[in-house]
Amino acid sequence: MATAVAHEPHEHAHYTTTGLDHRKIAIWAFIGSECMLFASLISTYLIYKGRSIVGPFPHEAWTSPDGHVFKPILNIPVTSQSTFVLLMSSLAMVLALAAVENRNKPKPARITLGYRILSSSRLWLGMTALMGATFLGYQAFEFTSFVHEGLTIRTNLFGSSFFTLTGFHGAHVTVGVLWLLTLLAIDFKRGLTPKDALIVDICALYWHFVDVVWIAIFTLVYLIK
Amino acid sequence: MATTAAAPAFAPGKAAEYGTSGVWSWITTVDHKRIGALYLYTALFFFLFGGIEAGIIRWQLALPNQHVVSAEMYNQLFTMHGTTMIFLAVMPLSAAFFNFLIPLQIGARDVAFPRLNAFSYWVYVLGGLFMTIPIFFNAAPNGGWFGYAPLTTMQFSGGLNIDFWVMGLQILGISSLAAAFNFITTIINMRAPGMTLMRMPMFTWMAFVVQFLLVLAFPVITIALVFLLFDRFFGTNFYAIAAGADPLLWQHLFWVFGHPEVYILILPAFGLVSEILPTYSRKPLFGYNVMVYSGIMIGFLGFGVWAHHMFSVGMGAMADTIFALTTMLIGIPTGVKIFNWIATMWGGQIRFTTAMKFGIGLVGLFTIGGISGVMHSSPPADLQQTDTYFIVAHFHYVLFGGSIMGIFGGIYHYFPKITGRYLDEKLGSWHFWINFIGMNLTFFPMHYSGMLGMPRRVYTYDSGQGWETFNLMSSIGTVLIVIGTAIFVVNFLRSRKHGAIAPNDAWGAGTLEWSIPSPPPDYNFAEIPVVTSRYPLWDLKSPDKTAGIAHSAPDSLTITDAHAVPMHEETGGKTAAQLGIPMPFPTVKPAIAALAIIVMFSGLLFMHVGKFSVAMAVTLSGAVLFVGTLYAWLTSPLE
Amino acid sequence: MSDHGHADHAHEHPTWKQYKWVAIILGVITGIEVWIYYTPFKDSPYFVPTLLILSATKFVIVVMFYMHLKYDHKLFRALFTGPLLIAMSTIAALLFLFINRHHAVV
């Protein structure tokens, strides 16, 4: 009964039950797992809040037994800046995706500078990566100054849970930046067309999620005492 | 039907240069059926290994005051028996069925991400070896399968044993998570036209729920293990009591994972039984909708019961009460399934094949395990039961009487589909009965020794406490289990080459996988069928069975794939190339990526033997290898 | 007719104007959060709930608009909401379980 049916080359793409791409479904499932990953890290941080026996502490000063005075170690003004940068990087990401999706749309009669800026996927991918890297730069600065001020990952419960939580987040940002740079390289090499919108979208979903996790961390770790 | 002609080998794929036989073809395969076979063989090997560990335990405990093994070795044995059985045997046996069966049951040609699928397997087998080999060097994990910190911190467990455990589990978690993303996508997105979710076979449904449990539970143990790893290697304070750490943090994080984990262990077996009982009762499953919803409820509620493993730690009356209530609640959807299975058999034309015996065995034995489980759900009662052999009895009834029985039933039922030959029914009957008697003889007495106060995890016990008889009975029962299992191994090995040839539809079943040849060609379906009910094959061949079930007419469905055709039995004989079906390329990259991960973790071990620079070098090389392989993998086309 | 596996990217899209407003709103909310941190409001019992509500709002906005869950196939909403609910319940449960556990140092 198996008649030899003439099939077109595999370009015709595979049947799917939902009409959606496999990879998009997979990235959302992955994001679901990341919710639980960060929930565990955040829970531990919150459970251990206020339970460190020795300082430095996040929001209060501490005098060590040998008389050294430690200021509250978190720096809200500086971290607000990096938070803002990461938040705006999501805007850049969204513009990058839009630029790729709209690449083949008919151009307006008069091409303004504004139009050229908005439609450059290279610019926006680059900006997103740059802002992500800036965020990481702030983190590196923060981590090294904390270490100088006497807080390491081994110092106390706060140090362990803080560095692990923000470190895991930073590692996720790093992976995102590398991913963005890879897309940027592809864009330079052969150009990203609307057919590539999916892979840019998947990177964007990952990136936005990493941003959203930071929204939670910034509030729960930095702003709430 | 009982000819002695050779069953057809796996039909040749496109990339002839990788061959269809030989070790290299197995290392580079991305075919879900082959990967399923790899899981099956590997998991059965680990099942035997874990069984030997249990055998030595029972030898030690057969009589009081024995010293067959030292206390230290005994700790390694019970730790590895549990870890092996849970992570290296039962879960991968389920994975064997996920791999082999899901695409066939939904009318797909493979899973959504074939190379990721291969990757999951290689990570599993390498991670399993990573954790198993140390026992030959007296360095096996020895902190229990649940590895409670602070006992497992450097302060109290300074050797390499726990390092192997932490990293081994971390590695295995990667395997399971990757597979979960794969199967979720496959089940959502690759069902044949007309196969709505409520027409999926029950095994695929239970597998679907399990994938979500994996996705949500494994990240939690990942973090618990990260904390322990960091404490052991980098001096952090997560479990350091002197720094103010809470001794319950590990327990909560572990059991938030650990409880969904036990549903991960049982639901696939439930799914297999829901395939077996209807087939051999020649009746559709009773209450399909309820079976689906109860499976979902069990999965969902399973996240709300975890602290019933901690009734003795002093959480307080409020916490104890809440978790007692949720635990009692979860007995309801589970009990519902038992009744539905019984109703499925009621009034059916029962054929007592080996698979059916195992299926019915699960229904009975899991019920016993469930009853003792409900007994544990009361905190005051549990205060007596916890940490005694009463608990050991409970979980062996649900895991051996439940998961293992279901899995063996699945093996007898699906062996013809996988290999094209039947397992011998006579040997199967011996296997079942000897194991059934052996299992009950081993584990039922443990209810008594537990009630009489025999603690868990003791390497020996003194006489005169009333425990001797029960322990001796358990050890004799173990001998029976060994014999029964040996019969199975003989049956399995012989039937691969000499079993009776099986047709497409080996048992008169109703679902899609039985409409294609046994074993299936590499492309599974020459033509993707349109599905109009839950039992497409019964619709075709025995419509009287499914007269009472909702159907849709084939042409009332919008056929969204122009190449899908009405449901029919396929006779095979053509290659993918002849049919114009593109097949994925075999590739070694997933195996290399898996190896790279093992190398990365192994590097860390050198830190604990004082060789820091070696550790850095090895871990870094592993990382470079991993990133490079990943890059090559992602930039090469699938097909 | 046939949607062969190509992600039919939402028929509606947020426009550039909407993206701009989303960014502005996110920035403003963040600004408010940081600002109230430096006012006496930070000692009020409403401080923490207010912050949580503001952050949750940012969270939802990013997910609905930037991750365009609002515009996409309902499947993705289900795939995200389930895990999110379980994650939040787990955090809440763990916090309640640890809330009164203070130990003397051994």
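The values are calculated or read from the model by the stated rules, or taken from the named source; none is laboratory data. Remember, it's a predicted structure, so these values are computed and weren't measured experimentally. Reconstructed Cβ throughout: ideal geometry from the backbone, glycine too, with neighbour counts over all protein chains shown. Calculation scope for accessible area: heavy atoms of the full protein, side chains included, ligands and nucleic acids excluded. Shrake-Rupley method; radii C 1.70, N 1.55, O 1.52, S 1.80 Å.
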Q | Residue, nearest to the other protein chains (Cβ to nearest Cβ), within region B:524-545, restricted to residues that are open to solvent by 30 Å² or more (accessible area, probe 1.4 Å) and not in a loop (DSSP other than H, G, I, E, B) | A | B:L540
Q | Those residues of region B:187-210 which are in a loop (DSSP other than H, G, I, E, B) and more than 17 Å from B:W538 (Cβ to Cβ), in sequence order | A | B:M190, B:R191, B:P193, B:T196
(Q) So B:F488 ticks every box in (1) open to solvent by less than 10 Å² (accessible area, probe 1.4 Å); (2) aromatic (F, W, Y); (3) outside any helix (DSSP H, G or I) but one. Which box is left unticked? (A) (3)
Q: State yes or no: is B:N189 at the interface with chain A (Cβ under 10 Å from one of its Cβ atoms), more than 28 Å from A:K24 (Cβ to Cβ) and polar (S, T, N, Q)?
A: no
Q) If A:T63 passes every condition in (1) touching a residue at least 12 places away in the same chain (Cβ under 8 Å); (2) of a type in the set (S, T, Y); (3) touching a strand residue (DSSP E or B) at 6+ places or on another chain (Cβ under 9 Å) but one, which one does it miss? A) (1)
Q. Under the condition of being open to solvent by 30 Å² or more (accessible area, probe 1.4 Å) and under 31 Å from the mean Cα position of the chain (by Cα), which residue from region B:230-251 is farthest from the other protein chains (Cβ to nearest Cβ)?
A. B:P247
Q | Among (1) within 12 Å of the chain's Cα centre (by Cα); (2) within 9 Å of chain A (Cβ to nearest Cβ), the one test that C:G31 misses | A | (1)
Q. What number goes with the only condition from (1) touching a helix residue (DSSP H, G or I) at 6+ places or on another chain (Cβ under 7 Å); (2) more than 9 Å from chain A (Cβ to nearest Cβ); (3) acidic (D, E) that C:D43 does not pass?
A. (1)
Q) If the Cβ limit is 9 Å and pairs must be 6+ apart or interchain, which residue in region B:620-639 that is surrounded by 15 or more Cβ atoms within 10 Å (Cβ to Cβ) and at pLDDT 95 or above pairs with which residue that is polar (S, T, N, Q) and not in a helix (DSSP H, G or I)? A) B:W633/B:T587
Q: Just give me the residues in region A:211-225 being more than 8 Å from every other protein chain (Cβ to nearest Cβ) and either within 15 Å of C:I29 (Cα to Cα) or among the acidic types (D, E) (or both), in sequence order.
A: A:W214
(Q) Please go through (1) at the interface with chain A (Cβ under 9 Å from one of its Cβ atoms); (2) assigned to a loop (DSSP other than H, G, I, E, B); (3) open to solvent by 30 Å² or more (accessible area, probe 1.4 Å) for C:L52 and return the number of the only condition it doesn't satisfy. (A) (2)
Q.
Quick check on region B:323-340. Is at least one of its residues in contact (Cβ under 8 Å) with a residue 24 or more places away in the chain, open to solvent by 20 Å² or more (accessible area, probe 1.4 Å) and not in a helix (DSSP H, G or I)?
A. no
Q.
So for region B:64-74 (the condition being open to solvent by less than 10 Å² (accessible area, probe 1.4 Å) and within 30 Å of B:T419 (Cβ to Cβ)), does at least one residue qualify?
A. no
Q: Give region C:55-71 a look and list any residue that's surrounded by fewer than 20 Cβ atoms within 10 Å (Cβ to Cβ), facing chain A (nearest Cβ under 10 Å) and over 16 Å from A:Y206 (Cα atoms), or say none.
A: C:A56, C:T57
**Q.** Conditions (1) assigned to a helix (DSSP H, G or I); (2) within 14 Å of chain B (Cβ to nearest Cβ): number failed by A:K195
**A.** (2)
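Run down B:L214, B:L265 and say which single residue is at the interface with chain A (Cβ under 9 Å from one of its Cβ atoms), within 17 Å of the chain's Cα centre (by Cα) and more than 30 Å from B:V530 (Cβ to Cβ).
On the way: B:L265 fails: at the interface with chain A (Cβ under 9 Å from one of its Cβ atoms).
Sole residue among the options that is at the interface with chain A (Cβ under 9 Å from one of its Cβ atoms), within 17 Å of the chain's Cα centre (by Cα) and more than 30 Å from B:V530 (Cβ to Cβ): B:L214.
Restricting to helices (runs of 4 or more DSSP H) lying wholly in region B:376-419: which have 3 or more residues that are aliphatic (A, V, I, L, M) and under 30 Å from B:I516 (Cα atoms)? Talk me through it step by step, then tell me what you get.
Details: elements: B:379-385, B:389-398, B:405-419.
Helices (runs of 4 or more DSSP H) meeting the threshold: B:405-419.
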Q: Being of a type in the set (S, T, N, Q) and more than 11 Å from chain A (Cβ to nearest Cβ) is the filter here, so list the residues in region B:192-211 that pass it.
A: B:T204
Q.
Anything in region A:144-163 that is touching a Gly at 6+ places or on another chain (Cβ under 8 Å) and without any contact (Cβ under 8 Å) to a residue 60 or more places away in the chain? List them, or say none.
A. A:T152, A:I153, A:R154
Q. For region B:417-472, what are the residues that are farther than 28 Å from B:R34 by Cα, of a type outside the set (F, W, Y), under 24 Å from the mean Cα position of the chain (by Cα) and open to solvent by less than 20 Å² (accessible area, probe 1.4 Å)?
A. B:N435, B:G438, B:M439, B:T442
(Q) Name the residue that is nearest to the chain's Cα centre (by Cα), counting only residues in region C:41-67 that are over 26 Å from A:H208 (Cβ atoms), at pLDDT 90 or above and not hydrophobic (A, V, I, L, M, F, W, C). (A) C:Y46
Q: Select from region A:164-203 the residues that are among the hydroxyl-bearing types (S, T, Y) and open to solvent by 20 Å² or more (accessible area, probe 1.4 Å) and list them in ascending order.
A: A:T174, A:T182, A:T193
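Within region A:14-126, which helices (runs of 4 or more DSSP H) (wholly inside it) include 2 or more residues that are farther than 26 Å from C:K42 by Cα and open to solvent by less than 50 Å² (accessible area, probe 1.4 Å)?
So the answer is A:22-48, A:76-101.
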